[in-house]
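Notes to accompany the following structure.
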Amino acid sequence: MRKPLVAGNWKMHTDSSQAQDLASSIVSRVSSVTDVEVVLCPPFVWLERVAKLVEETGILVGAQDTFWEDWGAYTGEISPLQLSEMCSYVIVGHSERRHIIGETDEIVARKARAVARAGMVPILAVGELEQEYKEGISKEIVSNQLSAVLADGWDHEIVIAYEPVWAIGTGLAASAQYAQDMAAFIREQLSSYGLNQERVRILYGGSVNRGNFKEFIEQKDIDGALVGGASLKAEEFAELVMMAS
Ligand code: PEP
């Protein structure tokens, strides 16, 4: 049985008091839920504060990104070893990093390996652009994104977040059936890289909200969600966690 996982990606939102309030409010609403893994991914600057707040609640903390080297002269970057003092998970390959910052599949792969080396679990985000979806090449794109990380061998825990880029932050979620088809495809691909496909959790991400999440979580190959916008509203985020329970 795969334990459902609901992760909130706060992106570059929240000032210090908003981060504190949001985390406290989430803690008070979901800390009694033990059959869902809840992961909060605040901006780097609030990681320590949020980590302290969720201590001993069962809620975990994740980072939104990392650098791929452990230490060195890399001005402005954050080491996976620094993150490992407070994080259990790190998102790598989020579409905003791939398509706004320009991260390549190779960079994402280096980051994923660095996260695993530091003893954390990467949440590897994959997904096609709208044009690629329209061209019918979604599987090819996702397959290449997976291969960049897994083809050289992978023997750590990993979570895959399937996030069609056209559904992120647009209010236009994929259909549950389409997300399920893609998740099943991803699961199949995992076994071709020697991973135990039954154990790897696959999340859906892209405009998940209280109105549509039930349909996604009911799908056979979808084990939870990576949530952006709705993770900034404690009440709605808590409802998503309850739906996964
Ligand atoms: C995301 O940032 O990963 C995401 C899925 O955002 P949203 O839920 O706002 O579409």
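Of all residues in segment 218-243, those being part of a helix (DSSP H, G or I) and crowded, with 22+ Cβ neighbours inside 10 Å number 4. Annotation note: of Val90, Val115, Val121, the sole residue that is under 16 Å from the mean Cα position of the chain (by Cα), buried (at least 23 other Cβ atoms within 10 Å of the Cβ) and away from the ligand (no atom under 16 Å from the Cβ) is Val115. The set of residues in segment 1-60 being away from the ligand (no atom under 16 Å from the Cβ), among the β-branched types (Val, Ile, Thr) and in contact with a helix residue (DSSP H, G or I) (Cβ under 7 Å, 6 or more places away or on another chain) consists of Val27, Val30, Val33, Val36, Val50, Val54, Thr57, Ile59.
Residue-level analysis places Val27 among those that are modelled with pLDDT of 95 or more and touching a Ser or Thr at 6+ places or on another chain (Cβ under 8 Å).
For Phe185, the criteria (1) more than 17 Å from Val90 (Cα to Cα); (2) among the aromatic types (Phe, Trp, Tyr); (3) within 16 Å of the ligand (Cβ to nearest atom) hold in every case but one, which is (3). Of all the numbered requirements in (1) assigned to a strand (DSSP E or B); (2) touching a helix residue (DSSP H, G or I) at 6+ places or on another chain (Cβ under 8 Å); (3) within 12 Å of the ligand (Cβ to nearest atom), Leu203 misses one, and that requirement is (2). If we scan segment 123-146, do we find a residue that is touching a helix residue (DSSP H, G or I) at 6+ places or on another chain (Cβ under 8 Å), within 19 Å of Leu40 (Cα to Cα) and not aliphatic (A, V, I, L, M)? Scanning segment 123-146, I find no residue that is touching a helix residue (DSSP H, G or I) at 6+ places or on another chain (Cβ under 8 Å), within 19 Å of Leu40 (Cα to Cα) and not aliphatic (A, V, I, L, M), so the answer is no.
Selection of segment 167-182 for residues being more than 10 Å from the ligand (Cβ to nearest atom) and either among the β-branched types (Val, Ile, Thr) or part of a helix (DSSP H, G or I) (or both) yields Ala176, Gln177, Tyr178, Ala179, Gln180, Asp181, Met182.
The values are calculated or read from the model by the stated rules, or taken from the named source; none is laboratory data. The structure presented is a predicted model; accordingly, all values stated were derived computationally and were not measured. Reconstructed Cβ throughout: ideal geometry from the backbone, glycine too, with neighbour counts over all protein chains shown.
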